Amino acid sequence: MASEVAEITLMTDGLRFGETAKSVDAALAAIIERARGGNTAAFEQIVIRYQRKVLATAWRMLGNQDDARDAAQEVFLRAFKYLNSFKSDQDFAGWLHRITVNVCRDAGRKRNQSAFTSFEDERDKGSFDRAASDENLETAAIRSEQRALVADALNTLTRKERAALVLRDLEGLPTEEVARILGTSEATVRSQVSAARAKIKQFYERLLRRAKVIR
Amino acid sequence: MNCRRFAELIPLYVEGDLAERELSRVRSHLQACAACRARADEYEASQAWLRAAEPPDFAEAFVDSVRLGVMRELAATEAPPLFERLKVWFAPRRLAAATVALTAIFIALALLIYQGRSRSGHHDSEVATGEPAPPVEKMVEGPRPALVAGPAPAHRPRRRTTPNRDASLATRTRRDAGHTSAPHDQLVAQHAPETVPAAPADGGNAATNSAGRLRIEIQTADPNIRIIWFAPKPTDGEAPKPMRETL
């Protein structure tokens, strides 16, 4: 276990001090290989490395922290289960991304809604910005409200539109990769993304109009 | 191309999702059309607003709860319950386990049947004679049993043959004996291997056929097995040699 922790440090140090991506990939490949053999300590390193990223994607897809955490755990459990199907020449982050999207889509189906929980729910639980203790409270409140509004805007999309928009615009994946992850064509992704952007724009304009009225 | 057609392309234009040919056309149109340019600006503003909302800065404890949950699940998977472990152990040995189980069941059933039969025969003997009787095989192979003449015993053993079977048996016995000296109820009462009349003259189940042989029938506990002895009629000073026939 101690050696595993040492390797984590090595990996993050490598990133911090600008080691090439190739050497990082080699270290990751070695860890993946050990995890593939059932080494849970090695797999724990993978979880540590990607859990924040997976949480962020799951939060964008599902809209609240509790669901995002459940989804993230499911993502890693599936990843461990199907690690043998991962090919070493594949991009591990992309592979994990696909699992994340699939898990979130399954979670959305189970929940039978594509809705975010409301901002009020999140605010009542005090789950936003717990880590930002040093941040100005007013700024933190504005950021939290903005997130909640974006959550409401994403809530106006269909599940497919939302998945396409999150992957393309918020995760920044190319259209080709989004199409592969969602199991559809690039033309369909473009169509879904176009419709989603139009809905977001409508929501944003309503928001601006309401703000003018209040002033 | 009119503004309506360009309006459909603008959402893709603002994020660079258009092919080169369409992109240049849209650019040209936006330079000439103020309304479409304003629309494109609105899209860019809404997209910027969308991106500005980063995911919450998750607390370390919250992030770590993912790892803890995953590792807990994996640990539970690594040490499954006893039943699960047994299932996994037996999985590749399913055929062998099934064979052993079937063999054990077969042996147990055979023992049960064997014990049930012995007990039943033993019980019948006790009912008829009032004391424990040796097994049928011993009676057959041992010294000739003492034949008892007379009417059927007061305590008749439980009948296992049907009336029709009894009737045909009686008929056959009478035919073999060559006369009808034995009453019908005495003939059909021969179920147990222990009570057999000694001589035809006494009206028992032993009869002498026309060849002068003594026929003795013994019904075993099993209704399908009847032991029939054909013994030569004893002459003075000579013990009869029994002949055995099992139906």
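Within segment B:21-39, identify whether any single residue is hydroxyl-bearing (Ser, Thr, Tyr) and either farther than 27 Å from A:ARG143 by Cα or touching a Phe, Trp or Tyr at 6+ places or on another chain (Cβ under 6 Å) (or both), and answer yes or no. Step through it out loud before you land on a result.
Of segment B:21-39, the ones hydroxyl-bearing (Ser, Thr, Tyr) are B:24, B:28.
With either farther than 27 Å from A:ARG143 by Cα or touching a Phe, Trp or Tyr at 6+ places or on another chain (Cβ under 6 Å) (or both) added as a condition, the list becomes B:24, B:28.
Yes, the conditions are met somewhere in segment B:21-39.
Would it be correct to say that A:LYS22 is out of contact with any helix residue (DSSP H, G or I) (no Cβ under 7 Å at 6 or more places or on another chain), modelled with pLDDT under 90 and more than 9 Å from every other protein chain (Cβ to nearest Cβ)?
For A:LYS22, the condition - out of contact with any helix residue (DSSP H, G or I) (no Cβ under 7 Å at 6 or more places or on another chain), modelled with pLDDT under 90 and more than 9 Å from every other protein chain (Cβ to nearest Cβ) - is met.
Taking segment A:68-85, which residues are surrounded by fewer than 20 Cβ atoms within 10 Å (Cβ to Cβ), part of a helix (DSSP H, G or I) and more than 8 Å from every other protein chain (Cβ to nearest Cβ)?
Passing the criteria: A:ASP70, A:ARG78, A:LYS81, A:LEU83, A:ASN84, A:SER85.
In segment B:4-31, what residues are assigned to a helix (DSSP H, G or I), among the acidic types (Asp, Glu) and facing chain A (nearest Cβ under 9 Å)?
B:GLU8
Here's the yes/no breakdown for (1) touching a strand residue (DSSP E or B) at 6+ places or on another chain (Cβ under 6 Å); (2) basic (Lys, Arg); (3) modelled with pLDDT of 55 or more:
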site: A:LYS87; (1), (2), (3): no, yes, yes
site: A:GLY94; (1), (2), (3): no, no, yes
site: A:VAL101; (1), (2), (3): no, no, yes
site: A:ARG105; (1), (2), (3): no, yes, yes
site: A:GLN113; (1), (2), (3): no, no, no
site: A:PHE119; (1), (2), (3): no, no, no
site: A:GLU122; (1), (2), (3): no, no, no
site: A:LYS125; (1), (2), (3): no, yes, no
site: A:PHE128; (1), (2), (3): no, no, no
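For the subset of segment A:160-211 comprising residues that are touching a Ser or Thr at 6+ places or on another chain (Cβ under 9 Å), of a type in the set (Lys, Arg) and more than 10 Å from chain B (Cβ to nearest Cβ), which member is surrounded by the most Cβ atoms within 10 Å (Cβ to Cβ)?
A:ARG162
Which residue out of B:GLU60, B:GLU54, B:GLU73 is more than 30 Å from A:ALA41 (Cβ to Cβ), within 14 Å of chain A (Cβ to nearest Cβ), free of Cβ contacts under 8 Å to residues at least 24 places away in the same chain and not aliphatic (A, V, I, L, M)?
The unique qualifying residue is B:GLU54.
Which pairs do you get when a residue that is more than 8 Å from chain B (Cβ to nearest Cβ) and farther than 13 Å from A:LEU83 by Cβ, found in segment A:36-55, comes within reach of a residue that is in a helix (DSSP H, G or I) and of a type in the set (Ser, Thr, Tyr), reach meaning Cβ atoms under 9 angstrom, with the pair 6+ apart or on two chains?
Short answer, once both residue conditions are applied: A:ALA41/A:SER3; A:ARG49/A:THR12; A:LYS53/A:THR100.
The values are calculated or read from the model by the stated rules, or taken from the named source; none is laboratory data. All values reported here derive from a predicted model rather than from experimental measurement. Cβ sites come from the backbone with ideal geometry, for glycine too, and all protein chains shown count toward neighbours.
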